[in-house]
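S.K.: This is the structure I have questions about; it appears just below.
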Amino acid sequence: MTDPSALTAEAIAAIGKARTATELERVEVEYLGRKSGRVSKLLEGIGALNPEERAALGKAVNEAKRTIEEALSARRSQLEASRLADLAETEAIDVTFPGPPLERGHIHVLTQVRRQIETILESLGYQVELGPEVETEWFNFEALNITAGHPAREMWDSFYFSPELLLRAHTSPVQIHAMLRIKEPPIYIITPGRCYRRDAPEATRLPYFSQVEGLAVDRGLTFGDLKGTLLYMIQSLYGRERRVRVRPSFFPFTEPSFEFDVSCGICGGMGCKSCRHKGWLEVGGCGMVHPQVLRNGGIDPTQWNGYAWGFGIERMAMLKHDVDDMRLFYESDLRFLEQF
Ligand code: DAH
């Protein structure tokens, strides 16, 4: 029969020789394995012993187990420490080195401006109304009093899917959708959204852009109501020092019609490179809704009248942030976008 302390010494030597965690595990199984471990085997002949010898052997075996377990655990910590030390050396990882900061995205400048416009007009009681980007020829032109063959159609050179179906060239068709849907005036809506035209990208125009249309239908509205509303919107967006002006123009869906200008924020209206020395920047058109347009929207023009406007959101954003090239908004260049 093996002597427990001799076996313990043997185990401790084996533990000292183990070079890896796996080798150490093998030693553990060999000595402390539940059934066939060598320490358990020390107890094999115990039944034949007298009570005193039995107690002595039991005690010695327990002692051996404890000593071996302690040695195993000490060696395990040692091996782990040297494994980490080796790793630090070979992989040269500085675990205290701070990670790269996570970059936070933010709302695109055009969306910011669109939301600001929405908030300002909502405070006046307007509701946001959306319409389809793929339109029928009737909504995009005909219902807006831009009849087939009318030379004014050239103002909206459009992308057609078929003779009847096209990408909307402006947000004005949403005026018709809204009147047909709401039916009973008063109607006060704004309609932000994307528009498409066959234009080559330039600093001040794009084939893909966005507008925000406004439409009011009520009794006895005047051009003063329209101008006051737009002045309020412009000054809320850009500051009280901004001035506005209208110039007579032509749109088939309004009578009278106007172009709407805002004083240049860079020169304060004195004239500079940015406003091409005019002191004013054009943001879009407006006017009193043509009676035929009301009729096309199912509204009786003898009872109701209206005003409307359609402004380019990119132009409004350019005016707000003194950007002089519209294409920058769509180029996804973070150096540009991160400024807003
Ligand atoms: N739809 C016109 C355009 O895209 C802009 C416009 C002008 C809209 C006058 C209006 C308006 O509602 O009254 O050029």
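S.K.: Just in region 207-278: which GluC sites (Glu not before Pro) are loop by DSSP and have at most 10 other Cβ atoms within 10 Å?
M.R.: In loop regions of region 207-278 (DSSP not H, G, I, E or B), the sparsely surrounded GluC sites (Glu not before Pro) are GLU241.
S.K.: I've got another one for you. For GLU118 and ASN50, calculate 0.36 nm times their separation in residues minus their Cα-Cα distance, and state this gained length in nm to one decimal.
M.R.: My answer for the length gained is 14.7 nm.
S.K.: Another one. Just how large is the dipole of region 1-93 about the Cα centre, in debye to the nearest 20, putting +1 at every Lys and Arg Cβ and -1 at every Asp and Glu Cβ?
M.R.: 280 debye
S.K.: Here is a follow-up. Skip the ligands, DNA and RNA, and give the accessible area per residue of the chain with a 1.4 Å probe, whole Å².
M.R.: 56 Å²
S.K.: Please give the calculated 222 nm ellipticity per residue for the chain, where each DSSP H segment of at least 4 residues contributes -39500 (n - 2.57) and the sum is spread over every residue; nearest 500 deg cm²/dmol?
M.R.: Taking each H run of at least 4 residues, the total per residue is -12500 deg cm²/dmol.
S.K.: Calculate the dipole size of region 129-204 relative to its Cα centre from +1 charges on Lys and Arg beta carbons and -1 charges on Asp and Glu beta carbons; express the result in debye to the nearest 20.
M.R.: 140 debye
S.K.: Looking at PHE141, LEU180, ALA216, which one has the Cα that reaches farthest to the positive end of the dipole of region 119-229 (charges on Cβ: Lys, Arg +1; Asp, Glu -1)?
M.R.: Projecting each Cα onto the dipole axis, the largest value belongs to ALA216.
S.K.: Post the alpha-carbon centroid distance, region 157-227 to region 11-73, in whole angstrom.
M.R.: After rounding, the separation between the Cα centres reads 89 Å.
S.K.: For region 225-236, just list the computed ³J(HN,Hα) in residue order, Karplus coefficients 6.51, -1.76 and 1.60, θ = phi - 60°, integers in Hz, with x standing in for Gly and Pro.
M.R.: Running phi through 6.51 cos²θ - 1.76 cosθ + 1.60 with θ = phi - 60° gives 4, 5, 5, x, 5, 5, 4, 4, 4, 5, 6, 5 Hz.
S.K.: Which value, in Å² and to the nearest 10, is the accessible area of MET316 when all protein chains are kept and the probe is 1.4 Å?
M.R.: Rounded to the nearest 10, the figure is 0 Å².
S.K.: Turning to a different aspect of this structure: Applying the Karplus parametrisation 6.51 cos²θ - 1.76 cosθ + 1.60 with θ = phi - 60° to the phi angles of region 169-179, what ³J(HN,Hα) value in whole Hz is obtained for each residue in order, glycine and proline being reported as x?
M.R.: For region 169-179, the Karplus curve yields 9, 7, 8, 4, x, 5, 4, 5, 3, 5, 5 Hz.
S.K.: For Cα pairs less than 8 Å apart in space and 6+ apart in sequence, what is the mean separation divided by the residue count of region 109-337, i.e. the relative contact order in percent?
M.R.: For region 109-337, the relative contact order is 22 percent.
S.K.: Under the 0.36 nm per residue contour assumption, what length would be gained going from the current alpha-carbon distance of THR96 and GLU142 to full extension?
M.R.: 9.7 nm
S.K.: Assuming R0 = 25 Å, can you tell me the calculated FRET efficiency for the pair ARG66 and LYS35, based on Cβ-Cβ distance, to the nearest 0.05?
M.R.: Efficiency computed from Cβ-Cβ geometry: 0.80.
S.K.: Under a Cβ-Cβ cut-off of 12 Å, what is the net charge of the residues other than LEU124 that fall near it, where Lys and Arg count +1 and Asp and Glu count -1?
M.R.: Once all neighbours under 12 Å are counted, the net charge is -3.
S.K.: Could you give log10 I(q)/I(0) at q = 0.09, 0.17 Å⁻¹ for region 109-337, computed by the Debye formula over C-alpha point scatterers of equal weight, without solvent?
M.R.: -0.35, -1.31
S.K.: Suppose a student asked you for the relative contact order of region 247-314, using Cα pairs under 8 Å spaced at least 6 residues apart; what percent would you report?
M.R.: About 29 percent, as a whole number.
S.K.: Still on this structure, I have one more. From the protein chains alone at 1.4 Å, what is the descending order of accessible area for GLU44, GLU255, largest first?
M.R.: Sorted descending by solvent-accessible area, the residues read GLU44, GLU255.
S.K.: Please report the relative contact order for region 4-90, taking Cα pairs under 8 Å with a sequence separation of at least 6, and give it as a percent rounded to a whole number.
M.R.: 36 percent
S.K.: Can you list the residues of region 313-340 with backbone N under 11 Å from a point 7 Å past the Cα of ILE266, pointing along Cα to Cβ?
M.R.: The answer is 319, 322-325.
S.K.: Please go through the residue pairs LYS17/LYS59; LYS41/LYS65; LYS278/LYS320 and name each one whose alpha carbons sit more than 22 Å apart in this structure.
M.R.: Flagged as over cut-off: LYS17/LYS59.
S.K.: With a 1.4 Å probe and every protein chain left in place, tell me how much accessible area HIS290 has, in Å² to the nearest 10.
M.R.: 50 Å²
S.K.: For TRP156, TRP304, what's the largest-to-smallest order of accessible area, 1.4 Å probe?
M.R.: Solvent-accessible surface, decreasing: TRP304, TRP156.
S.K.: Leaving ligands and nucleic acids out of the surface, order ARG198, ARG315, ARG205 by accessible area at 1.4 Å, largest first.
M.R.: Descending order: ARG198, ARG205, ARG315.
S.K.: What is the local net charge at LEU319, summed over the other residues whose Cβ is closer than 12 Å to its Cβ (Lys, Arg +1; Asp, Glu -1)?
M.R.: Residues near LEU319 contribute -2 overall.
The values are calculated or read from the model by the stated rules, or taken from the named source; none is laboratory data. Keep in mind that this is a model prediction, so the values were computed, not measured. Cβ sites come from the backbone with ideal geometry, for glycine too, and all protein chains shown count toward neighbours. In case anyone asks, the SASA skips ligands and DNA or RNA and just uses the protein heavy atoms, side chains included. Shrake-Rupley method; radii C 1.70, N 1.55, O 1.52, S 1.80 Å.
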